[in-house]
Amino acid sequence: MLTNNYSSMYILYLQPLITDILFQLIHMCYIAPAVLIHSNKPFGPFISYVLDSGQSYCFFNNSLSQVSLAANRLVVTVLLRLNFFTFNRTVLLSIAQHLLALSITTTAQYILPCCRQVLEYSIFNFRTVLILGLPNDSLTYIRLPIKIACSAIPFVIYCIILLSTRSIGRQLKLKSVVQTKRRKQELKFAGQFATIALIYTLSWLLFTLLPTSAVSINWVNGLPALVSLLNASTNAIVFIFNDRKKIFVRCFTSSSPTGSSIQNQATTISPPSPSKPR
């Protein structure tokens, strides 16, 4: 998979996929026990601090991934720089993204005096710990600007892709059939990534606009957590959808006792030529 024409895209796409797995593991192994025993710190304060920060890191890395994926689509589908995202450049970009997410998490959770996010089992999610007399600098200067930027930038990019689709498509159609087919596949990826960005935006909007302290209806408190888990699951769903044919072939060949021989014959035996009419 990493050796085909879309290897750079898959490397970028792997970054939010990893953090989504971590995010769901935190919900399953941290929030679920806390709900069962009715405690915000089921494993002690130190582990709770680490996992609270881990959740913030997962969110910020996912946020930055929306921008990197959208930028990849812009370069490939609009600027037509198909070879710009080389393997080395993509790996360096991914490393820089992780380091930036760690820096943002450290600043938001520990460096600024107010306010960090912690687990609250009663709402099945995380809440902001407000300190009386201190402004929420973490939200004002870090969390909210990053959320808005990581939603606005992909929105603008996907609008540019949409508006330029027809004009660029006509130019490529006159040049090469192969380029036209590849562009259709690239635009398909762009549409799927735009859906991921939309669900991401809906997730943080619900988390921000539904202050749990002011909501008296219990089931409403679970909406941000539900959409957050949906956001974390969408990346995996799109990944499987993109490679569904390869996954099906691999599952079929591995489960079939003659799968390996069939695959070898398929690669070594050429189809017979049509017989001459008698």
>> One residue is enough: does segment 120-129 have a residue meeting the conditions at pLDDT below 95, in contact with a strand residue (DSSP E or B) (Cβ under 9 Å, 6 or more places away or on another chain), more than 20 Å from A101 (Cα to Cα) and surrounded by 21 or more Cβ atoms within 10 Å (Cβ to Cβ)?
In response: yes
The residue that is farthest from F59 (Cα to Cα), considering only those in segment 122-152 that are aliphatic (A, V, I, L, M) and in contact (Cβ under 8 Å) with a residue 40 or more places away in the chain, is I123
Here the residues within segment 153-204 that are under 14 Å from the mean Cα position of the chain (by Cα), within 19 Å of S7 (Cα to Cα) and either loosely packed, with under 14 Cβ neighbours inside 10 Å or free of Cβ contacts under 8 Å to residues at least 12 places away in the same chain (or both) are G191
Exactly one of S8, S48 is over 21 Å from L229 (Cβ atoms), of a type in the set (S, T, N, Q), part of a helix (DSSP H, G or I) and at pLDDT below 90, and that one is S8
Checked against (1) part of a loop (DSSP other than H, G, I, E, B); (2) closer than 21 Å to G191 by Cα; (3) not small (G, A, S), L74 satisfies every condition except (1)
Can you find a residue that is surrounded by 15 or more Cβ atoms within 10 Å (Cβ to Cβ) and among the aliphatic types (A, V, I, L, M) anywhere in segment 48-59? yes
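So for segment 66-75 (the condition being closer than 25 Å to S233 by Cα, among the basic types (K, R) and surrounded by 14 or more Cβ atoms within 10 Å (Cβ to Cβ)), does at least one residue qualify?
Yes, that holds for at least one residue.
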| message | Against the condition modelled with pLDDT under 85 and buried (at least 18 other Cβ atoms within 10 Å of the Cβ), how does P211 come out, does it pass? | response | no
For L92, the lone unmet condition from (1) touching a helix residue (DSSP H, G or I) at 6+ places or on another chain (Cβ under 9 Å); (2) farther than 25 Å from F207 by Cα is (1)
Going by the structure shown, is Y49 more than 30 Å from L187 (Cβ to Cβ) and touching a His at 6+ places or on another chain (Cβ under 9 Å)? no
R170 - would you say it is more than 28 Å from F239 (Cα to Cα), outside any helix (DSSP H, G or I), of a type outside the set (A, V, I, L, M, F, W, C) and at pLDDT below 85? no
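The values are calculated or read from the model by the stated rules, or taken from the named source; none is laboratory data. Everything quoted here is computed from the prediction, not taken from an experiment. Positions of Cβ are backbone-derived with ideal geometry, glycine not excepted, and every protein chain shown enters the neighbour counts.
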